[in-house]
Structures are given as structure tokens and as C-alpha cells.
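Reviewing the structure listed below.
The values are calculated or read from the model by the stated rules, or taken from the named source; none is laboratory data. Because the structure is predicted, anything quoted here is derived from the model rather than measured. Please note: Cβ atoms are built from the backbone with ideal geometry, for glycine as well, and neighbour counts cover all protein chains shown. With ligands, DNA and RNA removed, areas are computed over all heavy atoms of the protein, side chains included. Shrake-Rupley method; radii C 1.70, N 1.55, O 1.52, S 1.80 Å.
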Amino acid sequence: MEVIYKYELDRRGSSVPMPQGAKILSTGMQYGNVCIWAIVDPEAPTYDRRYEVVGTGFERPMEPFIYVGTALQEEHGTVFVWHVFVWPSVIE
């Protein structure tokens, strides 16, 4: 059975536990947090999937990180643009 899960990301980058084979659908902001949504098999073994969040104008992560989406954050009249990159899945 596949379901859609949401993962909140720390803008400093790190990793998030995800089931193997997770397919990232989109990125966005929710309640002030950068998030990704993915189709996952909750029965699959999990591993720590690395990610990086970078703002516009900052250096992008080196390969093999792959771009998965952009999230816009409005705060006090200013818009911040965050770009999300993830390490390729163990099993795609």
C-alpha cells in the first residue's frame, strides 16, 4: 500500500527518515516550515535521506544531490525563496 507523507525540513539541512523507494511529489511551505510530500510504502525499511535547503543566490549542493522543488516563504512583507535538493534514494 502506498500513502502520501509530509516531511518537515530544517532549513540548515540534514536528513529525514524516509522509507526506501519514496517518490517525492512536491515541496512547499506549511506553518512556516519547508516541507516535502512523498509517496511512500510505510512497510518499507527506512533510512536517513539527506537533503539541503538553499536560498536564491546561494551556492547549490554538489552532485549527486538532485533538485526536487522550490518553496516560497512570506514573512513581514519579504519573500524568501528556498530550493530543496535531496540525495538520491537508495531504491527509486
### Task
Give me the percent of the accessible area of the chain that comes from carbon and sulfur atoms, probe 1.4 Å, all protein chains in place.
54 percent
### Query
Heavy-atom accessible area per residue, the chain, 1.4 Å probe: how many Å²?
63 Å²
### Query
Counting Lys and Arg as +1 and Asp and Glu as -1, what is the net charge of the other residues whose Cβ lies under 14 Å from the Cβ of Val84?
+3
### Query
In the full protein assembly as shown, how much of Thr78 is accessible to a 1.4 Å probe, in Å² to the nearest 10?
70 Å²
## Note on the structure
Under the 7 Å Cα-to-Cβ spin-label approximation, Asp48 and Lys23 lie apart by a distance in nanometres of 2.8 nm
### Summary
Simple spin-label estimate for Val68/Val3, 7 Å along Cα→Cβ, in nm, reads 1.8 nm
### Task
Taking all protein chains together and a probe of 1.4 Å, list Asp48, Asp10 from the most accessible to the least accessible.
Asp48, Asp10
### Query
To the nearest 20 debye, what charge dipole does the chain have about its Cα centre, counting +1 at the Cβ of each Lys and Arg and -1 at the Cβ of each Asp and Glu?
100 debye
